[in-house]
Structure formats: C-alpha cells, structure tokens
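Data block below; observations after.
The values are calculated or read from the model by the stated rules, or taken from the named source; none is laboratory data. Keep in mind that this is a model prediction, so the values were computed, not measured. Note that we place each Cβ from the backbone using ideal geometry, even for glycine, and neighbour counts take in every protein chain shown.
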Amino acid sequence: HDPCYYLDGRPRHCLSEFINAAYGIPANASYSLQGPDYDSNITTLTDLHNPHNLTCWMAHKGPDAGEWVLTLPLGRRFEVTYISLQFCQQGEPSDPISISILKSMDFGRTWRPMQHYSSDCQGKFGLPSQTVAQTRHQETEPLCSDPRPLQKQRGGMVLAFSTLDGRPSSPDFDHSHTLQDWVTATDIRVVFHQVSIEAKVAPPSAVRAPLALSDLQVGGRCKCNGHASRCRRDDTGQAVCICEHHTAGPDCDVCEDFYCDRPWHRATPTHPNPCVACECNGHSNKCRFSMEVFQQSGRRSGGVCQKCRHHTAGRHCQYCQNGYTRDNSKPQNHRKACQPCQCHPLGAVGRWCNQTSGQCLCREGVTGLRCNRCAPGYKQGKSPLRPCIR
Amino acid sequence: EVMPTLDMALFDWTDYEDMKPVDT
C-alpha cells in the first residue's frame, strides 16, 4: 500500500522516512587560528555509532584555542528536525563551550546561523540567553542558550538542537511556509568558537577536558513537500525523492509534464494538492499553465493544450480546426471526431464550414449543408461562376 | 422536395478550365 494514496486511489499527504541524513557522509573540518587548515573526508563522525568502541575526533592543533569548523554537505535539501553532537568526555567540560550551528540552503554558497550555545550568550554572541522565540517574527532567527547541563549518555555527553523547539508556529508546521523554510538545509556546519581569555588563564589546577566529538547526527527527512514517501540514493549517491501525485523534480516541487492544469502546491494533511492533468480530450499530450486563464476560470483550471492533433483546436482541443466540422456520431476524444467540411467546390464560398453544424457558406441560389443543391426556385445553370440560376 | 445535387458534368467548362476540379 502506497502511503501517498488512500486505498480507493485518492491522493493523500505523505512523508518520506525519518532518517539520519548525516549517516555515512564524510565531514570536512577546518581550523582557522593561523590560516585555514583542512581535514576532509572525516568519516568516523557519521558512521554507525558504537558506544563501546568510540572514535573521538578533535582538531589537530588542540581543542582549546582557535576556532574549528565542521561542515557536512547533505547532498540535497532536507527538512531537518534535529542536529545532535555526541562528545567523548563523560563529565561537563571545564572550559566554557561556545558552539554555533549553521545551515546552508544553497549547497554551501551562503550560510545562516540556526542556534548558538554559550554559557555567555550576551558576551559571545550579543544575544540574550533564551530557549523560546518570543514572537513569530523571531522564530527564524538563531537563539542562544546555555548548553549545560548536557544530556549524559552511555559513551559521553550529547548536545541536541531541535529545529522546531521553542518556535511558536511549530504546531502549524504544515501550513507555515516560514518554518518549512527554516528547517530546510542542504548543508550543516558546526562552529566551535575560540574559548574566552578568562578560560585560557584559568588556574592550572583546573581539570582540562578536551572537547572531542564522537558522533554527529542530522535527523530529518528528504524535502519532498508531502508528495513522496520514499527517498532513494541514485547512481551518483545523491538522495532523490520518488515523487507521487504527478509531481516531479528533486524535491517533488514541480508538476510532471502535462499535469499543469493547476499551479504546484505543497501537500498538507488536509489538502494533498496533487498535480492535475490538462484536459485535452486525448488530442494532445502537451500543455502549458496560464495564470491568466486560471484566474479567469475562478482558480479551477489553467492548462492550455498545445499542438492539438486530429484537426482539433482550442484550449482543451475541444473545437475543430477551420475547414473541419464535428462528427457527432463519434465521441469527442475519437481521433476522427473532426471531419473535413466537404463543401461543394462551386456551390460554396470557400472551404470553411461551421465547426459544430458543418454548414458551408453557400452562393446565391445554392442550398444544403455542403452547398451542393440548388435552392427552391433555382435550377442548375451551365456557368461554374453561377451554379444555380433563377 | 429533394433538390438534385449539382451535376459537375452539366457545367460548361470552356472558359473556366482553371476552375474545373480535378476529379470531374
């Protein structure tokens, strides 16, 4: 049973599987105290996490000075629910922690912060320490909070950031474009900031607990806009939505060819918003969407059929071309629904006839659907210019 | 009254050969 359809075939809102989007993706690390220094393809942070056999990662030049940055290219758009960092140390670190989580929506070209963690939010980031966005305007801005106390788990401590926690619109996520945008990311970056001066001059008696990471997870779903229940790796290793509801594109964010009678919409639990086929009566398999037509129809139908075949014409290929008339003995979708006018070469003016009745335009004294007879009071003459004479 | 259809053979095509349909 396909989760994107009811048993009776009606479309329904569907979600792709919730996965660890970071799993198996190599992270890149850079350290920037004295110029950039890169480690790429760090795979131990995103492999299967085994608390009995931890691999701990830290920057080459030491964790307690400078700034190091971990970047995780997810390879496609995901709707991220949480980002978690599992540290190796068992207890709270003695040094202050300042961490920022950022995201990119354009495959690493631009970045925006999602969350800051610091025991000194005001001093480090100029932000108050808060865990809840006060207004809907603030819900797509990074908040800053004290990471402590960190959750303790077997094998270390965990810092988990939930993208929707404390966001006023989160109960209405399916209808909030703002929040849908907020959770969308193609790349995740974690920045471990330089510790404060005070920490560096801490008494040597303080126990230094180097910050070391053992696991990085990004929980979320492929962004398929409610139109796919599956997201699979293609031949190049990229995850792609298996689109339903006649949608297409890597995120099911456009309508499939020919299914453009209405504008594309994201599916919601109450409105699955499938893409709808154009009505071309079987005479065309190409159509385009016209917003003007859509508005004129009362927002019901905006598809305009193109390249109507079988001598048909019109937005739905519902008319016959000039020179052809409807054969009412055949259904409208029949390939011979339009037949030639068959106007008499002398009795009719031109070869055009009424598209629905087939009536040709007759010369004076000529009658009949095809203009092939003389009208009452007229008889056939000999001149082809005046076929019927009084 | 059903009027007979125009009989192409009855027309005098002498001066109108260019108008004469191919199949008449």
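Kindly provide the set of residues from segment A:306-337 that are small (G, A, S), over 38 Å from the mean Cα position of the chain (by Cα) and under 18 Å from A:E279 (Cα atoms), ordered by number. The one that is small (G, A, S), over 38 Å from the mean Cα position of the chain (by Cα) and under 18 Å from A:E279 (Cα atoms): A:A337. Of all residues in segment A:261-303, those being surrounded by fewer than 21 Cβ atoms within 10 Å (Cβ to Cβ) and in a strand (DSSP E or B) number 3.
Scoring A:F173 on the criteria (1) farther than 17 Å from A:L213 by Cα; (2) in contact (Cβ under 8 Å) with a residue 24 or more places away in the chain leaves a single failure, condition (2).
Note on segment A:285-313: residues that are polar (S, T, N, Q) and under 23 Å from A:N354 (Cα atoms) amount to 2.
Against the list (1) among the hydroxyl-bearing types (S, T, Y); (2) over 19 Å from A:E139 (Cβ atoms); (3) within 31 Å of the chain's Cα centre (by Cα), the condition A:S100 fails is (2). Every condition in (1) closer than 30 Å to A:V240 by Cα; (2) at pLDDT below 95; (3) not basic (K, R) holds for A:G66 except the one numbered (1). Filter segment A:225-260 down to the residues that are outside any loop (DSSP other than H, G, I, E, B), touching a residue at least 40 places away in the same chain (Cβ under 8 Å) and either over 28 Å from A:Q306 (Cβ atoms) or over 13 Å from the mean Cα position of the chain (by Cα) (or both) and list them by number. Of everything in segment A:225-260, those that are outside any loop (DSSP other than H, G, I, E, B), touching a residue at least 40 places away in the same chain (Cβ under 8 Å) and either over 28 Å from A:Q306 (Cβ atoms) or over 13 Å from the mean Cα position of the chain (by Cα) (or both) turn out to be A:C231, A:A239, A:V240. Pairs linking a residue in segment A:363-384 that is over 15 Å from A:P345 (Cα atoms) to a residue that is of a type in the set (S, T, N, Q), with Cβ atoms under 7 Å and 6 or more positions apart or on different chains, are A:A375/A:T367. Take A:D165 and decide whether it is of a type in the set (D, E), assigned to a strand (DSSP E or B), under 30 Å from A:Q90 (Cα atoms) and modelled with pLDDT of 80 or more. No: the conditions fail for A:D165. Residues that are without any contact (Cβ under 8 Å) to a residue 40 or more places away in the chain, in a loop (DSSP other than H, G, I, E, B) and closer than 30 Å to A:P272 by Cα occur in segment A:137-153; there is at least one. Among the residues making up segment B:3-24, those that are more than 9 Å from every other protein chain (Cβ to nearest Cβ) and not in a loop (DSSP other than H, G, I, E, B) are B:A9, B:E17, B:D18. Can you pull out the residues in segment A:342-365 that are surrounded by 22 or more Cβ atoms within 10 Å (Cβ to Cβ) and either under 24 Å from A:H310 (Cβ atoms) or small (G, A, S) (or both)? Hits for segment A:342-365 are A:C343, A:G347, A:A348, A:C353, A:C360. The combined condition, being closer than 25 Å to A:M105 by Cα and at pLDDT 95 or above, is fulfilled by A:H227.
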